[in-house]
Amino acid sequence: MDLRHLLEMWHQCVAASLGGNTVQDYSVAMAVFLWIWLMMRLVMRIAVARLEKFASRTATAYDDIIVAVLKRHLTPSFYLVVALYFAGRCLVIPVVLQQLLRGGLVLVLTTKAVWTVQDLLLQFLEIWIKRSQQNKPTILIMLRNLTLLVQMLLWGAGLLFALDNIGINVTAFLAGLGIGGVAVALAVQHTLGDAISSFAIFLDKPFEVGDFIIVGDLMGTVEYVGFKTTRLRSLSGEQLIFGNSDLTSSRIRNFKRMAERRIVFKIGLVYETPIDKLRGIPSQIEAIIREQPQTRFDRAHFMSFGDFALEYEIVYFVLSADYNRYMDIQQSINLKVMDLFQKQGIEFAYPTQVTINRVDRGPDA
């Protein structure tokens, strides 16, 4: 067998058709597959290495996060799918298989893109929380809810993008979704209102987890602020649940943010109290209040003549928002005032009724 005969056999083998493709076509496809797979790995490795070197010279941590995320998501399986798609383009293959290759590429690229963006957002958010020290429970809960919403939007947009690139007409789907969305919005308008109000609470911060608030005739400590509801723990122990829109449309009294507490109280003395003792009472009460720690005296006056008492009004400030601290101070003031009045023989007034008997003897008496 001479060389000419061997060459003819080789050409016959190369020209042989297998599934509509020659051996030469398969060889070219294999070469394209290997070349793209190797080149992508090489190029990405060099690019990531240079980015990593650049990030090591900067003070910010954001570029370090970008490098870490790229290294985590640019895996060999990603290169494999891309290389298979372009290798398949070199062959004559059924339309169904072409669509599967295209669909696989689109799905892989879309999934990788959404995962990468999602990972970057979560990492950036974590750094922002640490640096700004936004570790309050209310902010953490709202950021977690906001992150969930962003993830849903990202995956929804990614799904529509993938379906459109696969060849599925999403225009009719979006039109139907718009009409259906209006109907759903009308059906759940209260829920949507609560969700929007949750962002208003997050941005305006009228209260936070741990604050003691009063809404109408209900009061309690804020335990949780969610998308739809805010939950309070009342003084008697039960949980109070409010729709967020109800809270944003109500007048809220937030006692946690009270820097100091203004106290007004009154005392009433009997009308038989000597005038010289009445004059000295304001200064004596002022001295008692000034002895108390964390207080600031404002005023003490003989205010009015009541129906059955001479009324004094006293005003002072407790330099603390703690209710128990206020009650301790008021108790101490009350005890000292009682002790002072007992020593001076001054009596507190209480409702009394005096009956005067008159005997009319007539003009001839």
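The values are calculated or read from the model by the stated rules, or taken from the named source; none is laboratory data. Here the structure is a predicted model, which is why all the values come from computation and not from measurement. A quick note on method: Cβ atoms are made from the backbone with ideal geometry, for glycine too, and the neighbour counts reach across all protein chains shown.
Under the condition of being over 18 Å from GLU223 (Cβ atoms) and surrounded by 14 or more Cβ atoms within 10 Å (Cβ to Cβ), which residue from region 251-261 is nearest to the chain's Cα centre (by Cα)? Talk me through it step by step, then tell me what you get.
At the first step, the residues of region 251-261 found to be over 18 Å from GLU223 (Cβ atoms) are 251, 258-261.
Checking which are surrounded by 14 or more Cβ atoms within 10 Å (Cβ to Cβ) leaves us with 258, 260-261.
Details: MET258: 23, GLU260: 28, ARG261: 30 Å.
Restricting to residues being over 18 Å from GLU223 (Cβ atoms) and surrounded by 14 or more Cβ atoms within 10 Å (Cβ to Cβ), the top hit is MET258.
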Looking at SER236, SER249, can you tell me which residue is closer than 27 Å to THR191 by Cβ and either outside the structural domain of ILE196 (by TED's automatic domain parsing) or among the polar types (S, T, N, Q) (or both)? SER249
Of residues in region 216-242 being closer than 21 Å to ASN324 by Cα and among the aliphatic types (A, V, I, L, M), the one modelled with the lowest pLDDT: LEU235
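Is there a residue in region 269-280 that is part of a strand (DSSP E or B), over 20 Å from PHE202 (Cβ atoms) and of a type in the set (A, V, I, L, M, F, W, C)?
So far as region 269-280 goes, yes, one or more of its residues are part of a strand (DSSP E or B), over 20 Å from PHE202 (Cβ atoms) and of a type in the set (A, V, I, L, M, F, W, C).
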Are there any pairs with C-beta distances below 6 angstrom linking a residue in region 244-259 that is within 11 Å of ASP194 (Cα to Cα) to a residue that is modelled with pLDDT under 85 and assigned to a helix (DSSP H, G or I), with the two at least 6 apart or on different chains, and if so which? ASN244/ASP194; ASN244/SER197; ASN244/SER198; SER245/GLY193; SER245/ASP194; SER245/SER197; THR248/SER197; THR248/ALA200
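Taking region 323-347, which residues are over 14 Å from ILE289 (Cβ atoms) and of a type outside the set (Ser, Thr, Tyr)? Walk me through it before giving the result.
Narrowing region 323-347 to residues over 14 Å from ILE289 (Cβ atoms): 323-325, 327, 338-339, 341-347.
Once the filter is applied, which keeps residues that are over 14 Å from ILE289 (Cβ atoms) and of a type outside the set (Ser, Thr, Tyr), region 323-347 yields ASN324, ARG325, MET327, MET338, ASP339, PHE341, GLN342, LYS343, GLN344, GLY345, ILE346, GLU347.
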Pick from GLN331, GLN292: which is surrounded by fewer than 16 Cβ atoms within 10 Å (Cβ to Cβ) and not basic (Lys, Arg)? GLN331
